[in-house]
Amino acid sequence: MDLKKKFEGKSVLITGASSGIGAALAREFAKMGAKVALAARRLDRLEALNRELTSLGRSSVVLECDVTREGDVESAARRTRESFGKIDIVVANAGYGVVGNVEGISLTDFSNQFETNVFGVLRTFYATYEDLKRSRGTLVLLGSVASYISLPGAAPYSMSKFAVRALARALREELKPHGISVVLISPGFVESDIRRVDNLGKLHPESEDPLPHWIKMPAETAARKILAAVARKKPEEIITFHGKLAVWIERHFPKLISYFAGRGAKGRPEPGRD
Ligand SMILES: NC(=O)c1ccc[n+]([C@@H]2O[C@H](COP(=O)([O-])OP(=O)(O)OC[C@H]3O[C@@H](n4cnc5c(N)ncnc54)[C@H](OP(=O)(O)O)[C@@H]3O)[C@@H](O)[C@H]2O)c1
């Protein structure tokens, strides 16, 4: 499929565009001729990405936006409309992971996790729904392999991503009559900052990602696969070979996952506390 033909001139709003998968998606959409609206909290990073894209002759706009703050996504959507005249594709990508065994964390940790990963996605949906209706556009939701498999030490994150998958499933049918496609992306391990962010959503750049390099897919590769799935309006795409394998095992041999989970599998430590 000719992705340039597919995305040329499209207006794409991406939350969490300052890092990792979101930033890689912005580069890839821009490369395909789309206009990209870059939304996140860290303006310095967004501005650097904006300069990079502008210097390559691409169209982009920087939008300061905290998906947990009432009104922020609405103004991001308004500014995207003002800049590009419409919104064709919305990528609800902003997210992070709270870690720890349930007994060692608090309700506030769960609530923070849901504010960003679940209510942030819902805020993004409500702020852009009318735009997508007008453009008969596409809503892309970032789930995770963790939306199929819940392991010790990662309950808040898995719960939030199970919720995103449930939302995608329902929205897919609800939005069909309006011509809006819903694409759920469920990545396995992808190179990004996510494992350097603590339970409050703060980045610890000095902290080491506990995962070995070889298991992580580069964010650029993940972004290319995501664009291909969006172009095809695939209802769901699991990214990474290990991710596909894990979901397959969970579907067909769930006891195998329980067996490994029960054999000392424990989550990663919280960055900044190790
Ligand atoms: N990398 C993986 O292995 C992996 C696997 C499965 C799913 N995912 C999902 O992929 C998505 C992107 O994560 P990533 O891996 O690219 O991590 P990342 O490098 O840490 O990027 C996360 C992005 O989310 C933004 N963000 C976080 N909280 C936000 C808030 N309250 N408001 C607005 N933006 C916020 C961050 O920007 P600011 O801090 O500047 O706001 C950043 O741009 C997440 O939904 C994650 O759950 C990742």
> With respect to PRO235, is the statement that it is on the phi < 0 side of the Ramachandran plot and in contact with a Ser or Thr (Cβ under 7 Å, 6 or more places away or on another chain) true?
Replying inline: no
>> If ALA30 satisfies all but one of (1) in a helix (DSSP H, G or I); (2) within 13 Å of the ligand (Cβ to nearest atom); (3) open to solvent by less than 10 Å² (accessible area, probe 1.4 Å), what's the number of the condition it fails?
In response: (2)
>> Just to check your reading of the model, which residue among LEU38, LEU49 is part of a strand (DSSP E or B), within 13 Å of the ligand (Cβ to nearest atom) and in contact (Cβ under 8 Å) with a residue 12 or more places away in the chain?
In response: LEU38
> Can you name the residue in the range 166-188 that is within 15 Å of the ligand (Cβ to nearest atom) and farther than 18 Å from LEU245 by Cβ and, of all such residues, is most open to solvent (accessible area, probe 1.4 Å)?
Replying inline: LEU167
>> Testing PHE84 on (1) within 15 Å of ALA39 (Cα to Cα); (2) of a type in the set (Phe, Trp, Tyr); (3) within 15 Å of the ligand (Cβ to nearest atom), one condition comes back false. Which one is that?
In response: (3)
> Limited to the range 119-144, what total is found for residues that are open to solvent by 20 Å² or more (accessible area, probe 1.4 Å) and not aromatic (Phe, Trp, Tyr)?
Replying inline: 7
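The values are calculated or read from the model by the stated rules, or taken from the named source; none is laboratory data. A quick note: this is a predicted structure, and the numbers were derived from the prediction, not measured. With ideal geometry, Cβ positions are generated from the backbone for all residues, glycine too; neighbour counts draw on all protein chains shown. Each accessible area value is taken on the protein alone, full model and side chains, heavy atoms only, with ligands, DNA and RNA left out. Shrake-Rupley method; radii C 1.70, N 1.55, O 1.52, S 1.80 Å.
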